[in-house]
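J.: Pasting in a structure now, in structure tokens, and then I'll have a few things to ask.
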Amino acid sequence: MKASIFDMDGVLIDSEPLHIEVKLETFRHFGIPFPPEKLPSFAGRTSKDLFTEALLAHPQAGLTWQELASFKHQRYIDRLIHDPSIQPITGVTELLRHLRSKKFRIGLASSSGRNIIEMVLSRFGIRSYFDTIVSGAELPHSKPYPDIYLKAAEGLGIPPCDCTVVEDATAGIAAAKAAGMTCIAFHNPHSGQQDLSQADRIVEHFSEILV
């Protein structure tokens, strides 16, 4: 392997509980019923996917997915800036430092918007580790489609077969495997019920994948 590509939510930062909270706040604010138990299936996917599906079931709301996403993103940013409990996941900074010392190319491929990605990387001082950053929000298809990981490999200048992806969600694992990459699944208990079985390897802590 010559390159590592990381997901962000649930891999770099333990943000999935916050995502779920603000998504449910958004549905309540706009009066749209949505079963909370369905949210884990949207982990790793874009807000467009979630809100488009929700509005298809409730066309009487007379809203666009962009209106819901804008409300959700602002709530999320407010919490991200001010909530001290949001921190890098234990061991991930050490792993990034170790990969850099071994001359690995490192990429980030997240379904979050670029402004949120840059905010997270800046807040925790880890922007310099990444040679390329891809936002699924800027692509026609995000996870579980392979586009986001193929674009990250292109940005790194490394063939997909020489890339290893670190993911925590079913959709992200599917995207990595469809891109022809090795995938290590990080079992994050806060990411909800995720099927990690298609990953090449499952780890409980980042110290397990130091090379």
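The values are calculated or read from the model by the stated rules, or taken from the named source; none is laboratory data. These figures come from a predicted structure and were not determined experimentally. Cβ sites come from the backbone with ideal geometry, for glycine too, and all protein chains shown count toward neighbours. What goes into the accessible areas is simple: the full protein's heavy atoms, side chains included, and nothing from ligands, DNA or RNA. Shrake-Rupley method; radii C 1.70, N 1.55, O 1.52, S 1.80 Å.
J.: Using the Cα gyration tensor of the stretch 164-211, with a ≥ b ≥ c the square roots of its eigenvalues, what is the shape: rounded (a/c below 1.5), prolate (a/b larger than b/c) or oblate (neither)?
T.: Working: a/c = 2.27, a/b = 1.08, b/c = 2.11.
Here the stretch 164-211 falls in the oblate category.
J.: Same structure again: So between S101 and N115, what do we pick up on full extension, going 0.36 nm a residue minus the alpha carbon distance? Walk me through the intermediate numbers first.
T.: Numbers: separation 14, 0.36 × 14 = 5.04 nm, distance 2.78 nm.
Stretched fully, the S101-N115 segment lengthens by 2.3 nm.
J.: To continue, here is another question. Extension gain Q193-E154, at 0.36 nm per residue separation less the Cα-Cα distance, in nm? Let's see the in-between values first.
T.: Values: separation 39, 0.36 × 39 = 14.04 nm, distance 3.12 nm.
Extra length available between Q193 and E154 comes to 10.9 nm.
J.: On the protein heavy atoms, probe 1.4 angstrom, tell me the percent of accessible surface of the stretch 1-117 carried by carbon and sulfur. Provide the component values of the computation, followed by the final result.
T.: Working: 2930 of 5340 Å².
Of the solvent-accessible surface of the stretch 1-117, carbon and sulfur hold 55 percent.
J.: Summing +1 for each Lys or Arg and -1 for each Asp or Glu, what net charge is found among the other residues whose Cβ lies under 12 Å from the Cβ of F130?
T.: Working: positive: R100, R105, R127; negative: E118, D131.
Taking every Cβ under 12 Å from that of F130, the sum is +1.
J.: On average, how much accessible surface per residue is there in the stretch 87-137, in Å², for a 1.4 Å probe, leaving out ligands, DNA and RNA?
T.: Numbers: 2170 Å² over 51 residues.
Solvent-accessible surface per residue comes out at 43 Å².
J.: In addition: List the residues of the stretch 95-111 whose backbone N lies under 17 Å from a point placed 7 Å from the Cα of F124 along the Cα-to-Cβ direction.
T.: Backbone N within reach: 95-100, 106-111.
J.: Oh, and also: Work out the P(r) tail for the chain: percent of alpha carbon pairs separated by more than 28 Å, whole number.
T.: Working: 5173 of 22155 pairs.
The calculated P(r) of the chain puts 23 percent of pairs beyond 28 Å.
J.: Can you list the lysines whose alpha carbon sits under 27 Å from that of K102, skipping same-chain ones fewer than 8 residues off?
T.: Cross-link targets: K2, K151, K177.
J.: Then there is this: Calculate the FRET efficiency for H82 and M1 from the Cβ-Cβ distance with a Förster distance of 35 Å, rounded to the nearest 0.05. Intermediate values should be presented prior to the final figure.
T.: On the way: r = 38 Å, r/R0 = 1.08.
FRET efficiency, H82 to M1: 0.40.
J.: Counting Lys +1, Arg +1, Asp -1, Glu -1, what net charge surrounds E25 among other residues with beta carbon under 9 Å of its beta carbon?
T.: On the way: positive: K23, R28, K72, R75; negative: E21.
Taking every other residue near E25 into account, the sum is +3.
J.: Can you give me the % of accessible surface on the stretch 125-211 that is carbon or sulfur? Probe 1.4 Å, all protein chains present, nothing else counted. Don't jump to the answer; show the numbers that get you there.
T.: Working: 2070 of 3840 Å².
The C+S portion of the solvent-accessible surface of the stretch 125-211 is 54 percent.
J.: Find how much the distance from E67 to H205 grows on full extension, using 0.36 nm per residue of separation minus their present alpha carbon separation; answer in nm with one decimal.
T.: Numbers: separation 138, 0.36 × 138 = 49.68 nm, distance 3.75 nm.
That pair, E67 and H205, stretches by 45.9 nm at full extension.
J.: Now, a different point. For the stretch 17-31 and the stretch 148-165, what is the centre-to-centre distance using only Cα atoms, to the nearest Å?
T.: That distance is 33 Å.
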